[in-house]
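K.L.:
Sharing a structure with you now.
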Amino acid sequence: MLYIVFLTARCNLKCKYCGGSIDESIMPPEITYDLEKLKEFVERDEEAVIAFYGGEPLLRASLMEEMIDLIKAKHYVLQTNGLLLKNVRRKYLKKLSTILVSIDGVKEVNDFYKGEVYDRVVENVRWLQKFYEGDLIARMVASEKTDIVRDVKHLLGLGFDHVHWQINAVWSPEGLWKDFKSWVERYNSGISELVRWWSEEVEKGNVLGIVPILGVLRAFLFHPNPSPPCGAGKTAFAITTDGRITACPVCADFEWNVAGSLEEGIKKIVEIREPCVSCEYGFICGGRCLFFNREWLWGREGFELVCKTCKHLIEEVRMAIPSVLRAVEEGLLEMRDLYYPPFNNTTEIIP
């Protein structure tokens, strides 16, 4: 099971698509429960994965270190904006199986949405790369200024092991998008180009770390993806600063999302609903996102536009399978090279 632990609700950025710190009406700014309760809850699970989350979790870097010392888990994961990486002692950074750094592609795109932080984040990433041996992932938000080919190639060029992204749809602040429908067409064209590039590299024996491609491929070659693919509500739960357990970390204020508490444990699972349950792509897409499936904030048209991006990605990856299998047969790579992620490391398989 994946446990996404809010270390704080505060953030030191105010990105245009997010808004910064979580409102106190949703959860307290800081943890109010006894850490021993968290330890008791998590350690019942021998396969536990703990992901440190916020807000910006490294505003409470010492608390993260304390939790790593206190609570036994199979893996520790960190999602961070990258500005405070040097606040963590190296020995603790080395204990993290995965570090996800929020960066939205090239400098001009990143700084438009996140403020002028690109140079500082890249500097910290280069510092981290000198000693960190885990999976270093660029965690990108895809918005209207995103060119998916340019920005993914740029992030891989910075030396990230993997790149994943989430389309800034449905929960996006009003007015941030000017023409989502036209952008979807450009995005889908870019996905086609990315998959072709990825396939060409596979034919040379290189497996590029593009998470949505790898995650879709895993469902075709190994086993269906969970529903939703992030596991929210079934195999992944978030723990808020006041000790509530929610299915999804991004909507702790929705009643349907509350699944229990540290005191009570997990009292319910939260299921994906129709139309995704009956969809022919369900074994891969899994409904894409629990919140997206439950809350149609952009109505049917918006839902279907996002759904179109999922289906397009899946079909493009499907067409790449012969190249993949040929590379395996020729001994250029092994099947195990294609299995990603190896555990639920919080990456969005379906953007």
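The values are calculated or read from the model by the stated rules, or taken from the named source; none is laboratory data. The structure presented is a predicted model; accordingly, all values stated were derived computationally and were not measured. Here Cβ is always computed from backbone atoms with ideal geometry, including for glycine, and neighbour counts include all displayed protein chains.
K.L.:
For segment 118-135, name all the residues that are touching a helix residue (DSSP H, G or I) at 6+ places or on another chain (Cβ under 7 Å) and buried (at least 16 other Cβ atoms within 10 Å of the Cβ).
P.N.:
The answer is Tyr118, Asn124, Leu128, Tyr132.
K.L.:
Here are some residues: Val328, Val317, Val306. Which one is β-branched (Val, Ile, Thr), at pLDDT 95 or above, over 22 Å from Val149 (Cα atoms) and in a helix (DSSP H, G or I)? Walk me through it before giving the result.
P.N.:
Numbers: Val317 fails: over 22 Å from Val149 (Cα atoms); Val306 fails: over 22 Å from Val149 (Cα atoms).
Selected residue: Val328, the only one of Val328, Val317, Val306 that is β-branched (Val, Ile, Thr), at pLDDT 95 or above, over 22 Å from Val149 (Cα atoms) and in a helix (DSSP H, G or I).
K.L.:
Say we look at segment 30-39 and pick out the residues that are surrounded by fewer than 16 Cβ atoms within 10 Å (Cβ to Cβ) and in contact (Cβ under 8 Å) with a residue 60 or more places away in the chain; which of these is farthest from Thr241 (Cα to Cα)?
P.N.:
Per the criteria, the residue is Lys37.
K.L.:
Would you pick out the residues in segment 45-99 that are under 22 Å from Met140 (Cα atoms) and among the basic types (Lys, Arg)?
P.N.:
Selection gives Lys86 alone.
K.L.:
Is it true that Val270 is in contact with a Ser or Thr (Cβ under 6 Å, 6 or more places away or on another chain), free of Cβ contacts under 8 Å to residues at least 40 places away in the same chain and more than 21 Å from His162 (Cα to Cα)?
P.N.:
When the stated conditions are applied, Val270 does not pass them.
K.L.:
Something else: What tally of residues in segment 68-101 results from selecting those that are within 22 Å of Leu155 (Cα to Cα), in contact with a Ser or Thr (Cβ under 8 Å, 6 or more places away or on another chain) and surrounded by fewer than 22 Cβ atoms within 10 Å (Cβ to Cβ)?
P.N.:
Looking only at that region, the number is 0.
K.L.:
So, in segment 167-216, of the ones that are outside any loop (DSSP other than H, G, I, E, B) and either modelled with pLDDT under 95 or basic (Lys, Arg) (or both), which residue ends up farthest from Met319 (Cα to Cα)?
P.N.:
Lys181
K.L.:
Please verify whether segment 245-261 includes one or more residues that are closer than 21 Å to Gly215 by Cβ, within 20 Å of the chain's Cα centre (by Cα) and in a helix (DSSP H, G or I).
P.N.:
No, the conditions are met nowhere in segment 245-261.
K.L.:
Please enumerate the residues belonging to segment 294-303 that are part of a helix (DSSP H, G or I), out of contact with any helix residue (DSSP H, G or I) (no Cβ under 8 Å at 6 or more places or on another chain) and not charged (D, E, K, R).
P.N.:
Gly299
Every residue, every condition in (1) touching a residue at least 60 places away in the same chain (Cβ under 8 Å); (2) out of contact with any Lys or Arg (no Cβ under 9 Å at 6 or more places or on another chain); (3) within 19 Å of Trp298 (Cβ to Cβ), yes or no:
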site	(1), (2), (3)
Asp135	yes, yes, no
Gly159	no, no, no
His162	yes, yes, no
Pro173	yes, no, yes
Lys181	yes, yes, yes
Tyr187	yes, yes, yes
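K.L.:
Quick one: which residue in Gly54, Gly82 is on the phi > 0 side of the Ramachandran plot and within 16 Å of the chain's Cα centre (by Cα)? Show your work before the answer.
P.N.:
Working: Gly54 fails: on the phi > 0 side of the Ramachandran plot.
Residue meeting the stated conditions: Gly82.
K.L.:
Tally the residues that are within 28 Å of Asp179 (Cβ to Cβ) and β-branched (Val, Ile, Thr), restricting the search to segment 245-283.
P.N.:
Matching residues across segment 245-283 total 1.
K.L.:
Kindly indicate which of Gly265, Gly286 is surrounded by 20 or more Cβ atoms within 10 Å (Cβ to Cβ) and not hydroxyl-bearing (Ser, Thr, Tyr).
P.N.:
Sole residue among the options that is surrounded by 20 or more Cβ atoms within 10 Å (Cβ to Cβ) and not hydroxyl-bearing (Ser, Thr, Tyr): Gly286.
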